[in-house]
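The values are calculated or read from the model by the stated rules, or taken from the named source; none is laboratory data. What you are looking at is a predicted structure, and each value in this text was computed from that prediction instead of being measured. All Cβ positions, even for glycine, are placed from backbone atoms using ideal geometry, and neighbour counts span all protein chains on display. Quick note on the areas: whole protein, heavy atoms, side chains included, nothing else; ligands and nucleic acids left out. Shrake-Rupley method; radii C 1.70, N 1.55, O 1.52, S 1.80 Å.
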Amino acid sequence: MAVTVQMQCTSAVTEMYQDAFVGSSMENGTTMIIFDLRKHDFHQELGTKATLSWRKASYHVDVHELSTFHNPILYRCIVAQGSYRDGQHQRRYFTPRLRASRPPSL
């Protein structure tokens, strides 16, 4: 009989990208936490209030968490090239930069 167990998990990464959280799952004993960075609010980082557009073609980057959690944790970040129009109506292209959380100070 299969049993599903759910639990809450919080990390610096889940806090940083909480607006881009899509879901989570288990694959081959690894906890996968999935983010779609096209949903993240990049306006402040880009210094614009313009509408952001995204290419249809996307890809993903897998980041393995170093953790004492019972199962390994893998963050899957879905990304795509984006663009927006600047104040001079020029198209500006960008690709979301994955930010790693800082280790605690010793």
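Taken over the C-alpha atoms, the chain has Rg and Dmax values of 16.6, 62 angstrom. Projecting the Cα positions of F94, G29, F42 onto the charge dipole of the chain (unit charges on Cβ atoms of Lys, Arg, Asp and Glu, taken about the Cα centre) puts F94 furthest along the positive direction. Summing Cβ point charges (Lys, Arg +1; Asp, Glu -1) relative to the Cα centre of the stretch 14-106 gives a dipole of roughly 520 debye.
Carbon-plus-sulfur accessible fraction, the chain (probe radius 1.4 Å, protein heavy atoms only): 50%.
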